[in-house]
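Here's the structure we're looking at; comments come further down.
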Amino acid sequence: METNPLQVSEAIALINQTLEYAYPTIVVEGEVSSFKVNQNKFVFFDLKDDEGTLGCFMMVFSLRVPIENGMRVRVVAQPKITNWGKFSLTVREVHPVGEGNLKRSFDLLLAKLDKESLFAADRKRVLPAMPTRIGVISSTQSAGYADFIKILNQRWGGVEIIVAHVVVQGTDAPKQIIRALEHLNQLPDSPDVIALIRGGGSLDDLSAFNDEPLVRAVASSRIPIISGIGHEVDTSLVDLAADVRAATPSNAAQLIVPNRQEFINQLNRSVLRIGDQYSRRIDYLLNRLQADQDRMLSHIYANFERLKEKLSLRQALIRQLNPRLALSRGYSLLRGSNGMLIDTANVGDSVTIETKTSTILAGVTHVEKRR
Amino acid sequence: MLKKDDESLSEQFKKLDELVNWFEQDDFDIEEALQKFEESSEIANLIKTKLSTLENKITVLKKSFDS
């Protein structure tokens, strides 16, 4: 071996080859320390326990949840020696370990994204009232998906549903969901709304929905998103970033389409209302017609009464003035030879006396005038 | 096809809404009212039939979103 020595870089390469062969991946758990990010691209930290320390390196986009010094984490990594002879773990995935750390990581990310106003109320869009195309991102094998589709079909029809099947748990879930989101957003005939559905379950792992790149993808989706992640206890960051949050997959179906029964009831009410208004109008016009008729009749009646009265008066007058009346009361009419009524005569004249019963021709023998 | 059907569904809803509003006036013409009343009945029945019979079309994408 001394006769064929390796160069330094060759030695490093050889050792790395061996490492890659023997340990393509190792999973190590420890406490984070000396955490730093350089140039917003390169992440360095140490992983340690009571007796040992290992340096770790990763790219910032692989850091999908925040970690900090003192946090216990698990890394999935490949061991390497760098060109500078430093032994380090090249980390592909890092996950906080233990509820406290998970919560801590969650809180850090929540604060960070909140500060960027990713969860602001005015960023949230209203879902379309009657969507014609709905995108669904879910695991088609999950109960949540089945519930969602069932309630959707019960409530409404005539909608085109495009389903992107993904895993909703595990480390691959965020990446698959992000790809599905991008795909649906870029479809030429894209959906009006996207439902992100995960089957109910309380103790299940929600961590995929607290993945930073996924949360950002949900917040920046051109198409509005409703999350139906169905976790009984916790709210995920995807829930906060979505335009609408549903409590469960079934609830998501209720929020995303109307209920045809309600519409049918509303339709019936509308038709009844129209009927009522129509009928009311007819009643109103009939009443008015009756009132007009009444008014006209009473007007005519009044006129006739007036006329009758006038005529009666005339009649009375005529009767009064009618000479015949005088005759019937015993008076006589005195006429001269020319037939006209006279009230005096000369002696020797011929006069005609008309009584009730007779006409008498008489000669005047004596006249006495009164003053 | 589905989209066009649904577009006319929204249009029909709108037409019915307009008819309801027309009947809310104080003094509409009785002759016109008869015709509009019949129209509203027709539209309502059309919508109800459509709503009751239209089904959803589900397409599961063949594309895999695996790594």
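The values are calculated or read from the model by the stated rules, or taken from the named source; none is laboratory data. A quick note: this is a predicted structure, and the numbers were derived from the prediction, not measured. FYI the Cβ positions are ideal-geometry reconstructions off the backbone, even for glycines, and counts take in every protein chain you see. For the accessible areas, the whole protein counts, side chains as well, though only heavy atoms, and no ligand, DNA or RNA atoms are used. Shrake-Rupley method; radii C 1.70, N 1.55, O 1.52, S 1.80 Å.
Observations on the structure shown:
- Top-ranked residue of the stretch A:273-291 - restricted to ones that are among the aliphatic types (A, V, I, L, M) and open to solvent by 30 Å² or more (accessible area, probe 1.4 Å), ranked as farthest from the other protein chains (Cβ to nearest Cβ): A:A291
- Scanning the stretch A:100-128 for residues that are open to solvent by less than 80 Å² (accessible area, probe 1.4 Å) and assigned to a helix (DSSP H, G or I) turns up A:G100, A:N101, A:S105, A:F106, A:D107, A:L108, A:L109, A:L110, A:A111, A:L113.
- Filter result (of a type in the set (A, V, I, L, M) and within 17 Å of A:N251 (Cα to Cα)) within the stretch A:134-160: A:I134, A:V136, A:I137, A:A143, A:A146, A:I149, A:I151, A:L152
- Residues of the stretch A:224-245 satisfying the condition of being over 21 Å from A:W156 (Cα atoms) and open to solvent by less than 20 Å² (accessible area, probe 1.4 Å): A:I229, A:G230, A:H231, A:S236, A:L237, A:V238, A:D239, A:A241, A:A242, A:D243
- Candidate set from the stretch B:55-65 (those that are open to solvent by 90 Å² or more (accessible area, probe 1.4 Å) and out of contact with any Asp or Glu (no Cβ under 7 Å at 6 or more places or on another chain)); member that is nearest to the other protein chains (Cβ to nearest Cβ): B:E55
- For the stretch B:45-54, the candidate set comprises residues that are surrounded by 11 or more Cβ atoms within 10 Å (Cβ to Cβ) and more than 10 Å from the chain's Cα centre (by Cα); within that set, the residue that is farthest from the other protein chains (Cβ to nearest Cβ) is B:S52.
- Some residue of the stretch A:90-101 being among the small types (G, A, S), in contact with a Phe, Trp or Tyr (Cβ under 6 Å, 6 or more places away or on another chain) and over 22 Å from A:F44 (Cα atoms): no
- Of the residues examined, A:T248 is one that is of a type in the set (S, T, Y), in contact (Cβ under 8 Å) with a residue 60 or more places away in the chain and open to solvent by 10 Å² or more (accessible area, probe 1.4 Å).
- Cβ-Cβ under 8 Å pairs, at least 6 apart or on other chains, the stretch A:306-324 side open to solvent by 100 Å² or more (accessible area, probe 1.4 Å), far side assigned to a helix (DSSP H, G or I): A:R319/A:L325
- Unique residue being surrounded by 22 or more Cβ atoms within 10 Å (Cβ to Cβ), at pLDDT 95 or above and more than 10 Å from chain B (Cβ to nearest Cβ) when the list is A:A180, A:A219, A:A164, A:A208: A:A219
- Selection over the stretch B:22-44 of residues that are more than 7 Å from chain A (Cβ to nearest Cβ) and touching a Leu at 6+ places or on another chain (Cβ under 9 Å) gives a count of 3.
- For the stretch A:315-327, the criterion of being over 30 Å from B:D27 (Cβ atoms) and basic (K, R) is met by at least one residue.
- Restricting attention to the stretch B:33-44, the residues that are open to solvent by 80 Å² or more (accessible area, probe 1.4 Å) and either of a type in the set (D, E, K, R) or assigned to a strand (DSSP E or B) (or both) add up to 2.
- Checked against the criterion of being under 19 Å from the mean Cα position of the chain (by Cα), under 23 Å from B:E55 (Cα atoms) and in contact (Cβ under 8 Å) with a residue 12 or more places away in the chain, the candidates A:L184, A:L196, A:L152 yield just one match: A:L152.
- A:L110 being more than 11 Å from chain B (Cβ to nearest Cβ), within 20 Å of A:E212 (Cβ to Cβ), in contact (Cβ under 8 Å) with a residue 12 or more places away in the chain and within 32 Å of the chain's Cα centre (by Cα): yes
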